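I have placed the structure first, in the form of C-alpha cells, so that the comments after it can refer back to it.
Values in this text are rule-based calculations from the coordinates and carry no lab data. Since the model is a prediction, treat every value here as computed from it, not as a measurement. Every residue, glycine as well, gets a Cβ built from its backbone with ideal geometry; the counts of neighbours run over all protein chains shown.
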Amino acid sequence: MASKEGKYNIKAISQMLGIQAGTLRAWERRYHIIEPVRNKAGHRLYSEEHVAILRWLMEKVNKGFTIGQAVDLFEKGSIAVEQADPVQGDYSIQLSEEILEALLSFQENKANQLLNQAFCLFSIDKVTIDILGTLLVKVGYMWERNEISVAHEHFVTSFLRTKIGTIFHGLPVDGLMPKVVAVCGPHESHELGLLIFTLFLRRKGYEVIYLGTGIPTSDLELVIKEVDADIFVTSCTMDHNLKAALTVIDQLRNQFPSLIIGLGIRL
C-alpha cells in the first residue's frame, strides 16, 4: 500500500510530475480528488498515495483525456491506485476473461465494475481492441461450437453493443471529415465487428451514420442521398451471405459512382 504520510511539498510534486503548482491547486479546488495534509507551518504536504493518484491522472491527460474525464474514470474504478500501472503486461487479457465469465453467469453489475477498471487502466482504443474485441471473438467462437446457448450469446452481445454505442455517441465529430454510412450486409445478424470499426472512424472525427442490421437496399440509397455520404461500409460474417452483400455493393456502385465502398468479411 502507498504511504499516506505527508512528505512532498508542492514544488517537489510539480518537479516530479511536470504539473504547474497553480494547475494542481485548481484541480484540488474543483475536483477534490486529493486532500494534502498540512504541516505545522500550514504548508501542503503530499503523500506517496497522492503522488500515485496524480501520476495516474497525468498519464490519462497525456493520452488525450480531459482532467474531468480522468477524474470521472478514477472515481468509477474500484481498484487500488498502485495497481493502475500500464506496464502490467497483459492484464487486459485477464480482465477480458473475467468480464466474459461474469456475463456468461448473467452478472451484469460485476461486468460493469470490471469494465470500469479497464477504462481506469487503459486507453479507449486498448479497451476496445484488447477487451471488447477479444470478447466479441470469443463469444462468436463459443456460439458457433455450441459451447454457449443462444440466450448467453444474446445477453453478451447486448451488453457489448450498449457499451460500444455509449463510447461511440460520446465522441465528437469533425464536420470537415467525410461522411460515412455503415450497415451490416443482407441477412447478417452479427454487427459488433462493424460497430467497433465505426467506433475507430468516429475516434478519427468521421461523421458515421450507423444503421445496424436489416436495412433494405432502397433505404440505403435514400440515406446515402439524404446525408450526401462520401463512404459506404458494410460487413459480412457468414459465407452464405456474401453473394447478397456483393449484389448490394454493385447496385450502390452503379447508383453512386463516386461513393467509396468498403466491405469487411470474416476469413
Q: Tell me what the chain gives for mean residue ellipticity at 222 nm when only DSSP H runs of n ≥ 4 count, each as -39,500 (n - 2.57), the sum divided by the residue total, rounded to 500 deg cm²/dmol.
A: -16500 deg cm²/dmol
Q: Please work out whether the range 10-83 counts as rounded, prolate or oblate from its C-alpha gyration tensor, where a ≥ b ≥ c are the square roots of the eigenvalues and a/c under 1.5 means rounded, while otherwise a/b larger than b/c means prolate and anything else oblate?
A: prolate
**Q.** Prolate/oblate/rounded label for the range 138-197 (Cα gyration tensor, a/c 1.5)
**A.** prolate
Q: Output the antiparallel fraction of DSSP beta bridges having both residues in the chain, as a percent to the nearest 5.
A: 15 percent
**Q.** lysines with Cα under 26 Å of Lys225, excluding same-chain neighbours fewer than 8 positions away
**A.** Lys179, Lys204, Lys243
Q | Kirkwood hydrodynamic radius over Cα pairs of the chain, then Stokes diffusion coefficient at 20 °C and 1.002 mPa s, in µm²/s | A | 101 µm²/s
Q | Loop trypsin sites (Lys or Arg not before Pro), the range 15-73, which have at most 12 other Cβ atoms in a 10 Å radius of their Cβ (DSSP) | A | Lys40
**Q.** the range 127-157 versus the range 165-190: alpha-carbon centroid distance in Å
**A.** 21 Å
Q) Does the range 91-169 come out rounded, prolate or oblate by the C-alpha gyration tensor, with a ≥ b ≥ c the root eigenvalues, rounded set by a/c under 1.5 and, if not, prolate when a/b is larger than b/c and oblate if not? A) prolate
Q) Cα centroid distance between the range 204-267 and the range 54-68, in Å? A) 38 Å
Q. If contacts are Cα pairs under 8 angstrom and at least 6 residues apart, what is the relative contact order of the chain in percent?
A. 12 percent
